[in-house]
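Asks: Before anything else, here's the structure in question.
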Amino acid sequence: MNLPGFFELTPEQRARWEKVRTGGRRRFVLIWGVLVFGGGLYIVSELLWYLLNPQGNQYIPEQRRLGIEVLVFIVHLIIGALFALLVWWHTEREYMKYPDRSRPTRSRA
């Protein structure tokens, strides 16, 4: 589903995306997905958890707290990577929808 005008790339966005895509998908996913989105999401969720739950994790045994925190951290990083892949896929689709006329296009044969 595509909302009219919502995801269309402007010329400025196309130029910026051309720079981003030269770095490659792996770099985009690692930096923007894992570090920025996943790491940021983890930090915000942990801050909210401790602000909204001042007693902490009293009901979780001490031996399991570190393991649970590591698992939560890894899940946030995976969510960030999946989100970045989704953004990459969608932006590439929009980018390829209207290819630059100055470069030869790939045939779909």
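Asks: Once every Cα of the range 13-97 carries one equal point scatterer and solvent is ignored, give the base-10 log of I(q)/I(0) from the Debye formula at q = 0.13, 0.21 Å⁻¹, two decimals.
Replies: The calculated log intensity ratios at q = 0.13, 0.21 Å⁻¹ are -0.54, -0.95.
Asks: Rounding to the nearest 20 debye, state how big the charge dipole of the range 13-97 is about its Cα centre with +1 on each Lys and Arg Cβ and -1 on each Asp and Glu Cβ.
Replies: Here the range 13-97 has a charge dipole of around 540 debye.
Read-outs: derived from the displayed coordinates by stated rules, not from any lab. All values reported here derive from a predicted model rather than from experimental measurement. Cβ coordinates were reconstructed from backbone atoms using ideal geometry, including for glycine residues, and neighbour counts include every protein chain displayed.
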